[in-house]
Amino acid sequence: MLSALDSVFFHKLIDIMMSQGGDYADCYFEEDDLVASTIENNRIKSIKSGRDQGIHLRLIKGEKTYSAVTSDLSPQNLEQLAGGMLFGSHASPFNIMPISGVFQLDKLMPIILDKQESVLNHLIKTSQHMFKTSPSIVQVSMNYFESKKQIRIVNSLGLVREDSRRYERFTVQAIASEGSVVQTAYEGPGLTGDESVFSSFPLGPIANSVAERAVKMLAAEPAPSGRMPVILMGVAGGTMIHEACGHGFEADFIYKNTSIFGGKQGLDVASPLVTVIDDATLPHLFGSYKVDDEGVDASSTLMIEKGILKNYLTDRLSARLLNLPLTGNGRRESYHSKPVPRMSNTFIENGDELPDAIIDSVSDGLLVKRMGGGQVNITNGDFIFDVMEGYRIKNGKIDKPIRGASLIGNGPQVLWDIDRVGNDKVFIPGVCGKYDSVPVGDAQPTLRIKELTIGGQGS
């Protein structure tokens with residue numbers, strides 16, 4: 001379909017939009033072939049397969065953005081939309097506008113492709129095995145997702161960019177129960193590029209690990225409550241840096257003056273042990289891409305260097321309004337959405353310490369091996385995160401597992417309170433839900449936080 005809508009026609013649409021007095025205009029075309037399936041308790045719960053394609057037309061005039069979205073790709077319809085960009089639209093910068101258009105997804109396929117049949121069989125057999133590992137396993141859920149996108153971006157600056165993107169991911173969740181105690185374990189590896197997610201992340205060992213963790217946590221003691229040192233292990237991933245800190249570096253929040261990091265370039269905002277980077281160029285990671293959704297080359301952006309705030313993450317609009325450099329972070333879920341500044345692969349860089357030495361430094365505290373869900377106030381960084389897998393630390397040794405713990409604190413303050421940094425950062429794939437959903441990667445090495453409030457059931 002990309003060849004059917006050539007760049008000459010896109011430039012015609014650009015000219016029509018710019019004739020209405022805009023400062024900048026672009027066309028974003030997307031074609032997405034996707035499959036998704038869900039297995040629950042050894043049975044196929046759902047299978048979806050289809051193609052979505054359409055165009056997002058955008059005109060920026062001053063601080064306002066005007067959009068039109070459609071899956072009707074007829075030249076007459078597109079020219080009509082381009083010519084009416086200013087009618088009935090008064091969007092403030094960065095707000096996602098209600099948009100009209102047709103979303104067409106194919107009906108469930110009665111016969112799935114050989115590859116998908118193989119994937120489903122693999123998931124079902126693995127699910128069956130998980131139930132056999134322990135009578136305490138009461139529920140197993142698995143999801144598989146693959147998306148193949150072709151995009152083209154043409155803008156009023158004369159740029160024409162194309163990109164092909166493939167995302168693949170599976171998730172495994174197990175629920176274990178004994179009496180009134182219920183525990184959940186989860187893992188969800190994913191990647192970009194042509195490699196198979198099952199080759200890079202073998203399903204069997206991951207599923208076994210998930211089942212074992214769910215059962216092990218049944219014997220956990222109630223979590224303590226109060227303030228104490230906390231160690232976040234590298235395998236916990238970068239949920240903390242993404243949710244509690246990273247959003248405050250996105251330049252739309254800087255422009256709206258709703259970020260605690262606004263106006264702090266060149267100032268100390270963290271411990272000198274902390275360096276934070278956002279890098280969309282890292283191969284195969286879930287948040288990687290060659291160009292962002294505005295046609296800007298992906299890059300590695302130094303956000304914090306040894307505690308000093310260096311750069312914010314920008315899209316074209318925020319970069320222009322704030323007179324900042326483009327960082328290649330203009331991202332959107334699909335052609336239905338406008339691009340806004342979003343993280344890609346965000347991480348705290350490795351330090352020099354061994355994880356065991358960091359654990360040994362704590363006489364009484366909490367070790368977090370797996371993070372769960374939570375809530376974050378993006379404006380000030382206040383957060384509460386569930387701990388999916390945690391352990392008490394006593395006299396520098398990992399003690400008994402604990403359950404029911406939550407971490408309560410403030411992201412910007414955590415950056416100051418990191419006083420030991422390990423050398424074992426681990427990337428965890430995820431989905432960022434700011435406005436809409438985009439794939440991301442987060443990472444950190446093992447960290448010691450001087451003190452956090454622990455919400456728990458014990459003392």
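In table form, for the structure just shown:
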{"quantity": "Region 205-221 residues that are closer than 11 Å to Glu389 by Cβ, paired with ones that are assigned to a strand (DSSP E or B) and among the β-branched types (Val, Ile, Thr) (beta carbon under 8 Å, 6 or more apart)", "calculated": "Val210/Val172; Ala214/Ile137; Ala214/Ile175; Ala214/Thr184; Ala220/Ile402"}
{"quantity": "Which listed residue is closer than 18 Å to Gly248 by Cα and without any contact (Cβ under 8 Å) to a residue 60 or more places away in the chain, from Val376, Val431, Val414, Val438", "calculated": "Val431"}
{"quantity": "Criterion (assigned by TED's automatic domain parsing to the domain that holds Met303 and at negative phi) met by exactly one of Glu178, Glu250", "calculated": "Glu250"}
{"quantity": "Sole residue being free of Cβ contacts under 8 Å to residues at least 60 places away in the same chain, of a type in the set (A, V, I, L, M, F, W, C) and either at positive phi or out of contact with any Cys (no Cβ under 7 Å at 6 or more places or on another chain) (or both), chosen from Ile393, Ile408, Ile402, Ile358", "calculated": "Ile408"}
{"quantity": "Filter pass, Leu57 being modelled with pLDDT of 95 or more and among the hydrophobic types (A, V, I, L, M, F, W, C)", "calculated": "yes"}
{"quantity": "Of all residues making up region 427-459, the number that are in contact with an Asp or Glu (Cβ under 7 Å, 6 or more places away or on another chain) and outside any strand (DSSP E or B)", "calculated": "4"}
{"quantity": "Any hit, region 178-200, residues being hydrophobic (A, V, I, L, M, F, W, C) and closer than 30 Å to Asp417 by Cβ", "calculated": "yes"}
{"quantity": "Residue list for region 415-426, filter: modelled with pLDDT of 95 or more and not in a loop (DSSP other than H, G, I, E, B)", "calculated": "Leu415, Trp416, Asp417, Ile418, Asp419, Arg420, Val421, Gly422"}
{"quantity": "Conditions (1) closer than 28 Å to Asn345 by Cβ; (2) without any contact (Cβ under 8 Å) to a residue 60 or more places away in the chain: number failed by Val182", "calculated": "(1)"}
{"quantity": "Filter pass, Thr192 being β-branched (Val, Ile, Thr) and surrounded by fewer than 19 Cβ atoms within 10 Å (Cβ to Cβ)", "calculated": "no"}
{"quantity": "Selection status of Lys306, farther than 20 Å from Ser164 by Cβ and surrounded by fewer than 17 Cβ atoms within 10 Å (Cβ to Cβ)", "calculated": "yes"}
{"quantity": "Complete set of residues in region 281-298 that are in a loop (DSSP other than H, G, I, E, B) and buried (at least 18 other Cβ atoms within 10 Å of the Cβ)", "calculated": "Leu282, Leu285, Phe286, Gly287, Ser288, Tyr289, Asp292, Asp293, Glu294, Gly295, Val296, Ala298"}
{"quantity": "Residue in region 418-427 that is surrounded by fewer than 19 Cβ atoms within 10 Å (Cβ to Cβ), in contact with a Lys or Arg (Cβ under 8 Å, 6 or more places away or on another chain) and not aliphatic (A, V, I, L, M) present", "calculated": "yes"}
{"quantity": "Residue list for region 334-361, filter: surrounded by 22 or more Cβ atoms within 10 Å (Cβ to Cβ) and farther than 30 Å from Ile254 by Cα", "calculated": "Ile358"}
{"quantity": "Meets criteria (touching a Leu at 6+ places or on another chain (Cβ under 7 Å), in the same structural domain as Ser49 (by TED's automatic domain parsing) and not basic (Lys, Arg)) for Val140", "calculated": "no"}
{"quantity": "Residue match in region 62-84 (condition: over 30 Å from Val140 (Cβ atoms) and touching a Phe, Trp or Tyr at 6+ places or on another chain (Cβ under 6 Å))", "calculated": "no"}
{"quantity": "Pair list, Cβ < 7 Å and 6+ apart or interchain, from region 145-168 residues that are among the aliphatic types (A, V, I, L, M) to residues that are outside any strand (DSSP E or B) and buried (at least 16 other Cβ atoms within 10 Å of the Cβ)", "calculated": "Ile153/Glu294; Ile153/Gly295; Val154/Phe10; Val154/His11; Val154/Ile14; Leu159/Gly295"}
{"quantity": "Residue tally, condition modelled with pLDDT of 95 or more, of a type in the set (A, V, I, L, M) and not in a strand (DSSP E or B), over region 351-396", "calculated": "5"}
{"quantity": "Unique match (being touching a residue at least 24 places away in the same chain (Cβ under 8 Å) and in a helix (DSSP H, G or I)) among Ile260, Ile277, Ile231, Ile241", "calculated": "Ile241"}
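The values are calculated or read from the model by the stated rules, or taken from the named source; none is laboratory data. The shown structure was predicted, so the numbers you read here are calculated from the model rather than taken from an experiment. Heads up, the Cβs are rebuilt from the backbone with ideal geometry, glycines too, and the neighbour counts pull from every protein chain shown.
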